[in-house]
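S.K.: Encoded as structure tokens, here's the structure I'll be asking about.
The values are calculated or read from the model by the stated rules, or taken from the named source; none is laboratory data. The shown structure was predicted, so the numbers you read here are calculated from the model rather than taken from an experiment. Positions of Cβ are generated from backbone atoms using ideal geometry, with glycine treated the same way; all protein chains shown enter the neighbour counts. Note: accessible area is taken over every heavy atom of the protein model, side chains too, but ligands, DNA and RNA are not part of it. Shrake-Rupley method; radii C 1.70, N 1.55, O 1.52, S 1.80 Å.
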Amino acid sequence: MNKPISCLLILLLLTVFSIPSHAQSTPSLFDGKTLKGWKRLAGTADYKVEDGNIVGTTVLNSGNTFLVTEKEYGDFILELDTKIESPLSNSGVQVRSHFDQAGNKGKGKVYGRQFEIDPSERRWSGGVYDEGRRDWIYPLDLNAKAKDVFKVGVYNHIRIECIGNEMRTWINGTAVADVVDTVDSKGFIGLQVHAVTTTEQAGKKVYFKNMQIQTKNLKFKPFPKDIYTVNYQPNTLSIHEKQSGWSLLYDGHTSNGWRGATLTAFPPKGWLCADGTMHVLPSEGKEESGGGDIVTDDMYSAFDLSFEFKITPGANSGVKYFVTLSEVTKGSAIGLEYQVLDDALHPDAKLGRNGDRTLASLYDLIPSNKPARFVRPIGAWNTGRIIVYPNNHVEHYLNGIKVLEYERGSKGFEDLVKISKYVIWKNFGEAKEGHLLLQDHGNEAWFRSIKVRRL
């Protein structure tokens, strides 16, 4: 082999092997010049190519519009840059999504998980919304620290990881949301221009560029342990949840770890652990009229508790914390209570003060502030969450929305206790630690995916 050819081969080999591995395995979804490989669905918003960007422009009285890939994708890591002009605008990136031609009164409907781009006052960019189907999956109340990461008027770098049943989102290098969901193993990727109904919102632009997708050799980036996971696989923990210190309080089959509040063992009647749920059987609709309340064997001080529940029409139940079992009472054991209630049909919702006995309230003390769209129907599963921080700051959540907060042991808290049913118990709610409790109020209720993390 002569010297010039040998040198040329060496140069070619050096060039190939010097290309970063990610560059070899991350083809572009957009060629920077045309919309080849894309198609518009649903609304009438405009999409054009300008200066290496896909630019979507809002159109007055159009429905949500989507520019989607002609190809479907299953597992992938997608990275892109996006810019939105105005805080009045809204956009998003669809993943593993689909199109129902007959939906939306024949206009067609896109449905599937969406990486939200939301520069409004609530600042939920990076959260996960289920477009055209289940509404919000991961509102950013679940990761409030990430609310200010997305910036209006400049390009933001987005990373979306969809591997197996898990989806994680990032903005500008900051981890935002983590969802485990068995719905949709593959589907198209789409760029949304949101519907607008005012002339002030019309004509606003959203920009997308540098869209790279990796479909091989996929691996999640390390994720912060303090970020909550929305896990739609009942009674399971993801790898991230396990690494973050979560443990299941119900294994989906047995009553292990629980006992009756007034017993040394699990109640012999009134409760059924089967079909992946802890089922309160109906009795007389009164406290302790069936199998009675159940409590955890362990006690907790600072913790993050997450649980799913559903109830029948008119039902009453609750989840209590800092239950010491030291108070003498003929009814349910005493403790701070996350109220579980049918607000429309149970009379307790109209008692108390200012709605402090309604769903997700701190019972008889503080009412929950819950938008109607985040309250799922009776008979459907809802997700409750209680966080007690080491400094005694406490938060209640319902379906990802923070509905109340307070300082346990503060003067404000003690003043509320003085005008409540709990005034007769000294230092109510201020114990250093206590059991967790599921209430038997005599009405049918179910619990599952009960998990806790000590803080």
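S.K.: Of the numbered conditions (1) part of a strand (DSSP E or B); (2) of a type in the set (G, A, S); (3) within 18 Å of V295 (Cβ to Cβ), S449 fails exactly one; give the number of that condition.
M.R.: Going through the list (1) part of a strand (DSSP E or B); (2) of a type in the set (G, A, S); (3) within 18 Å of V295 (Cβ to Cβ), S449 breaks only (3).
S.K.: Here's something else I'd like to know. Report the residue count in the range 348-382 for those that are within 22 Å of K451 (Cα to Cα), touching a Lys or Arg at 6+ places or on another chain (Cβ under 9 Å) and not in a loop (DSSP other than H, G, I, E, B).
M.R.: Result for the range 348-382: 1.
S.K.: Among the residues that make up the range 244-257, is at least one of them in a helix (DSSP H, G or I) and out of contact with any Asp or Glu (no Cβ under 6 Å at 6 or more places or on another chain)?
M.R.: No, every residue in the range 244-257 fails to be in a helix (DSSP H, G or I) and out of contact with any Asp or Glu (no Cβ under 6 Å at 6 or more places or on another chain).
S.K.: Sort through P267, P282, P224 and tell me the only one that's closer than 18 Å to V452 by Cα, of a type outside the set (S, T, N, Q) and part of a loop (DSSP other than H, G, I, E, B).
M.R.: Residue meeting the stated conditions: P224.
S.K.: Counting only residues that are buried (at least 19 other Cβ atoms within 10 Å of the Cβ), touching a Phe, Trp or Tyr at 6+ places or on another chain (Cβ under 9 Å) and not aliphatic (A, V, I, L, M), how many does the range 328-364 have?
M.R.: Qualifying residue count, the range 328-364: 9.
S.K.: Select, from V180, V193, the only residue that is buried (at least 17 other Cβ atoms within 10 Å of the Cβ) and within 16 Å of the chain's Cα centre (by Cα).
M.R.: V180
This table checks each residue for (1) outside any strand (DSSP E or B); (2) among the small types (G, A, S); (3) over 26 Å from R373 (Cβ atoms); (4) without any contact (Cβ under 8 Å) to a residue 40 or more places away in the chain.
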{"residue": "G63", "(1), (2), (3), (4)": "yes, yes, no, no"}
{"residue": "L67", "(1), (2), (3), (4)": "no, no, yes, no"}
{"residue": "E79", "(1), (2), (3), (4)": "no, no, yes, no"}
{"residue": "L88", "(1), (2), (3), (4)": "yes, no, no, no"}
{"residue": "S97", "(1), (2), (3), (4)": "no, yes, no, no"}
{"residue": "K105", "(1), (2), (3), (4)": "yes, no, no, yes"}
{"residue": "R113", "(1), (2), (3), (4)": "no, no, no, no"}
{"residue": "S125", "(1), (2), (3), (4)": "yes, yes, no, no"}
{"residue": "Y129", "(1), (2), (3), (4)": "no, no, no, yes"}
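S.K.: So which residues in the range 383-412 are touching a residue at least 40 places away in the same chain (Cβ under 8 Å) and in a helix (DSSP H, G or I), if there are any at all?
M.R.: None - no residue of the range 383-412 is touching a residue at least 40 places away in the same chain (Cβ under 8 Å) and in a helix (DSSP H, G or I), so the list stays empty.
S.K.: Scan the range 317-371 for residues that are touching a strand residue (DSSP E or B) at 6+ places or on another chain (Cβ under 9 Å), hydroxyl-bearing (S, T, Y) and modelled with pLDDT under 95 and jot them down.
M.R.: Once the filter is applied, which keeps residues that are touching a strand residue (DSSP E or B) at 6+ places or on another chain (Cβ under 9 Å), hydroxyl-bearing (S, T, Y) and modelled with pLDDT under 95, the range 317-371 yields only S332.
S.K.: Is it the case that the range 283-296 has a residue that's open to solvent by 10 Å² or more (accessible area, probe 1.4 Å) and modelled with pLDDT of 95 or more?
M.R.: Within the range 283-296 (the criterion being open to solvent by 10 Å² or more (accessible area, probe 1.4 Å) and modelled with pLDDT of 95 or more), the answer is no, since none of the residues qualifies.
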